[in-house]
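Single-structure report; data block below.
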Amino acid sequence: SFSTPSDTGGHSLLWSPGMAAGTVGSMSFPGPDPTVPLLSRLCCQFPHVDAEVVAAVLESVGGTVVEALGVLCDLQSEALAQPAEPQLPAGTLAVELRPVQGGGCNGDGLQDLGSIGEAGQTVLRINVDTSLLTGSDAGKIAAPPSLLLVVPSGELWPLAWHEPPLVLRPPAHGWYRLILQGAGGRAEARFHVASVVGEYAEALDEFYDALSWTWDGSNWTEELSEASLELVVGVDDFMGRLSAMLAPMLPIMGGSLRSMLESPRKVLENQLARIIEHHDAQAVGMTHSAVRDLLQQSDALTMFGPILGGMSGGGGNSAEAVANFSRAAATFEAARQAASPALQRQQVRTALARLLAAGDRYVAHLRSTLQAGAGAASGLAKQWDVPGGLRSQLQEALQEDGIARLPAVMQLQGAGGGFLADMLGQLSSGAGGGAGSGPPKTAESMSFLDPQVLLSGGRELQSRVAYWSESLISGSVVVGSPMRPMQLSSAPHEVQNSAQALVQLLRLGFGYVVQGDDISGSGTTTGRECTLTGTLHRTRATLPLRAQEAFLAERRRRSRLRDVMRVVRSQAKQGRRFSLRVNTDLDLAVAMLREHHEDNWVGPILESVWAEMFRSGTLVVFELWAVEEGGSEQLVAADFGHPHSTFGFYVATRYFDRGFRTCMPGFILAFAEAQVLAQRGFDFWDLGGTNQSPMMQYKPQVAVEMRKDVFLDGLHATQRRELAAAGVEPQRLCAGTLVEAIGEDDLWGAALCRESVTQPPPSKKAQQQQKKKAQPKPKAVPVGKVGEGGGGAPSFSPGPREPPEPAEDRPAAQVGVDTVPAPVPTKPAIQARLQQIHAELCASGLPAAEAAVEAFRRLALEGAGSAAPATPTGS
């Protein structure tokens, strides 16, 4: 257990190499990772002492930490007493740890400091409320308090206590928590530090998202129709050349590589047909993404065409196919963006402007860290600001209000050298995907995870996830290597490993998808490959089950929940009730998923793995049944999910029967399921990644959008609670009927939502008093950046919170539940809001005509309620 040795010179040692997992106060934590050098920990806690001096002090005392601490504290005190030297960190933020109101280890009374600056550059100066240190003995400090730093990987670093102020320099990107347990109570504060690499990766992800979904389906033009037909021809010619050229190489190509080459073609074959026949906005966005992927791969023809010319019909023909495809892609992009609404085009320009600013800082970082242009990202650094180079092309696109040059956009991803260059870089770095020790030097567009490391649950896994949280652009990590991917298998001797791999991914914070398991194949699992990919998207849709007030602070969520409550009432009056059940018929649920989910990725192999997890209790299927007055019943919606980390629940995929779309079965299931999980003691309900696509528009209505590093911070807090509450688990979800007839009280948040309707609005005097109370007290202003990159999401187990920072101090990419005063609606804003409501309704399954009528009705209601509470920032 964590121990406090005898006091030595006023300092206490809270770490030793042989220390194991144990408890601090009433909390239980894993022991520190012995692979993290002690020097790194001491440099974090003594930032004003040069790292070489820290190393020399350790060496001079023979590595005896107790003796080193006194010397280091004295050296730091001397440094703080002197005027700041040029080499010392400039950014300093002063804070005070205050007692927690409640004793939970998962965020009760959490002090949220937001983003305090840049990793390795910002210093946190910490004072401590004296009531935390003194017991009942006349204000005397009975014993030195325990002090822990939770780093972004979730690992805990026990720190040495000395007289405040304590000083920390967080070394890496991500969220940290500082936990103090003293004789007078406990304090916990969390803060975020940014990095140039993380800022660039996030800006690029945001730009790709805005660019992919700029066309919303409201304006189908003749130019877009012709461009779509031209793209069909270009894709057929290009893929024919690529397939013929690579045919001799297929036997030696790994499954991951084959899947990456074949997946865009399958997507385009399906989505182009939907575009031409139905003018489908989801299909247009997916086609754009698939075209980008193919353009990344076009360098395969350029590189190998001349070498394999005899096999592919000649290198010249290959170059012509690439040129034709690139031209068709540019025409399609120009038509797609020209047909997009002005609001969406402005979002793309805003995201591009942010990306250019982040790119300037990123390239300067590359040039300072990669010597003489060498290294994996040297291509991007060289191409960035030369005359006519990448930056000038993007700046021109920004001014022209159109981005048709997709090859230039693709150079922003990865190392700037193309798809094969990135792939070869991954091969040279091994299956670890380049996630080594220390912070990432570059962003990366693809990465791989060794399946043996995943299955063994090695301690380095959480560090790799923290690494990818900063550097990963695509949000995908392939399990395996390019040449040897992990194969999901239904074979008796392998199916348990496949199930364990899924569980391990979830505990690390990933979602997952599989490729190569579609039912359009042979229909059997024999001789087929099914590769597994972990997903770590930029934005996560997660519902903290103890945060009803924060969730309902946003108007559109309140409106959605009230709609669901009305539907439940009206259907009951008509003689139809809805029943919530668990695990009554897996085969039927999967069959209905395939029937109603056009882009279903669940095939026979994954179904066999699920069957094993179903038997072991690690797959739970929530089912919504419609029961008619005469007694007939029908399955109308289902969620396929996994309980993990004891208090978490992840939904892998879900569906609803579109024949019942006017009854909102997907939303009824979501709120009823969340209520059951909350009642049984779960902390969060996780829907995985989200973006601006029409198919994802339902997620922000039933969950909270948060950045991936915010989600990981909450997950790690939940896992600490898992250890602290040994033997305490949520109530088991047993197969059968959970709710016979769903009523309003069976919907998560309904009771609080009713209270918000019945309570009269506060008087003007009360509003002014509340506003005055919310004014934050003046505090020391840091030299570095503060308030950027904050959380934007409630804790998974929230308690009293600090007043939110002003919305204008937060970055555009931040998604949160804080509120700002509602602006006076303008005509363009009203039109944009109407289009947004219409898209959401269409995504929920309503026909376009019905959705239009309902959109006008809701807009009128919103207009009538414009004097209601402040408009949420996420609206």
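The values are calculated or read from the model by the stated rules, or taken from the named source; none is laboratory data. What you see is a predicted model, and the numbers here were worked out from it, not measured in a lab. Every residue, glycine among them, receives a Cβ derived from its backbone with ideal geometry; neighbour counts consider all protein chains shown.
Only one of the numbered conditions (1) at pLDDT below 70; (2) in contact with a Cys (Cβ under 6 Å, 6 or more places away or on another chain) is violated by ALA780, and that is (2). Quick check, is PRO694 farther than 30 Å from TRP157 by Cα and either in contact with a Cys (Cβ under 7 Å, 6 or more places away or on another chain) or not assigned by TED's automatic domain parsing to the domain that holds GLN571 (or both)? When the stated conditions are applied, PRO694 passes them. Evaluate the range 569-588: report whether one residue or more is in contact with a Lys or Arg (Cβ under 8 Å, 6 or more places away or on another chain), among the hydroxyl-bearing types (Ser, Thr, Tyr) and in the same structural domain as SER608 (by TED's automatic domain parsing). Checking the range 569-588: not a single residue is in contact with a Lys or Arg (Cβ under 8 Å, 6 or more places away or on another chain), among the hydroxyl-bearing types (Ser, Thr, Tyr) and in the same structural domain as SER608 (by TED's automatic domain parsing). Residue count for the range 569-587, restricted to those that are in a helix (DSSP H, G or I) and over 18 Å from ALA670 (Cβ atoms): 5.
When the range 665-681 is filtered for residues that are over 16 Å from VAL582 (Cα atoms) and either of a type in the set (Gly, Ala, Ser) or buried (at least 24 other Cβ atoms within 10 Å of the Cβ) (or both), only GLY681 remains. Pull up the range 154-203, narrow it to residues that are of a type in the set (Asp, Glu) and buried (at least 21 other Cβ atoms within 10 Å of the Cβ), then point me to the one that is nearest to ASP74 (Cα to Cα). Looking at residues that are of a type in the set (Asp, Glu) and buried (at least 21 other Cβ atoms within 10 Å of the Cβ), I get GLU188. The numbered conditions (1) surrounded by 15 or more Cβ atoms within 10 Å (Cβ to Cβ); (2) modelled with pLDDT of 90 or more; (3) among the small types (Gly, Ala, Ser) are all true for GLY736 except (1). For the range 494-508, the criterion of a residue being in a loop (DSSP other than H, G, I, E, B), in contact (Cβ under 8 Å) with a residue 60 or more places away in the chain, hydroxyl-bearing (Ser, Thr, Tyr) and out of contact with any Phe, Trp or Tyr (no Cβ under 6 Å at 6 or more places or on another chain) is satisfied by no position.
Being in a strand (DSSP E or B) and either modelled with pLDDT of 95 or more or in the same structural domain as ARG577 (by TED's automatic domain parsing) (or both) is a condition met by no residue of the range 657-675.
When VAL193, VAL167 are checked against the criterion of being β-branched (Val, Ile, Thr) and over 22 Å from ARG540 (Cα atoms), VAL167 stands alone in meeting it.
Summed over the range 189-239, the residues that are of a type in the set (D, E, K, R), more than 17 Å from MET410 (Cα to Cα), touching a helix residue (DSSP H, G or I) at 6+ places or on another chain (Cβ under 6 Å) and in a helix (DSSP H, G or I) give a count of 4. Take the conditions (1) within 21 Å of VAL196 (Cα to Cα); (2) touching a strand residue (DSSP E or B) at 6+ places or on another chain (Cβ under 7 Å); (3) modelled with pLDDT of 90 or more; GLY433 misses just one of them, which is (3).
Test PHE622 against the stated conditions and say whether it is closer than 22 Å to GLY509 by Cα, over 22 Å from the mean Cα position of the chain (by Cα), part of a strand (DSSP E or B) and of a type outside the set (Ser, Thr, Tyr). Here the answer is yes, as PHE622 does meet what is asked.
Look at (1) surrounded by fewer than 16 Cβ atoms within 10 Å (Cβ to Cβ); (2) modelled with pLDDT under 80 and you find that PRO264 fails only one, number (1).
Residues are listed down the side, and each one gets a yes or a no for (1) free of Cβ contacts under 8 Å to residues at least 12 places away in the same chain; (2) buried (at least 17 other Cβ atoms within 10 Å of the Cβ):
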site	(1), (2)
ALA541	no, yes
GLU549	no, no
ARG555	no, yes
ARG566	yes, no
LEU580	no, yes
ASP587	yes, no
ARG594	no, no
LEU619	no, yes
LEU635	no, yes
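Residues that are under 26 Å from the mean Cα position of the chain (by Cα), outside any helix (DSSP H, G or I) and in contact (Cβ under 8 Å) with a residue 40 or more places away in the chain are absent from the range 126-147.
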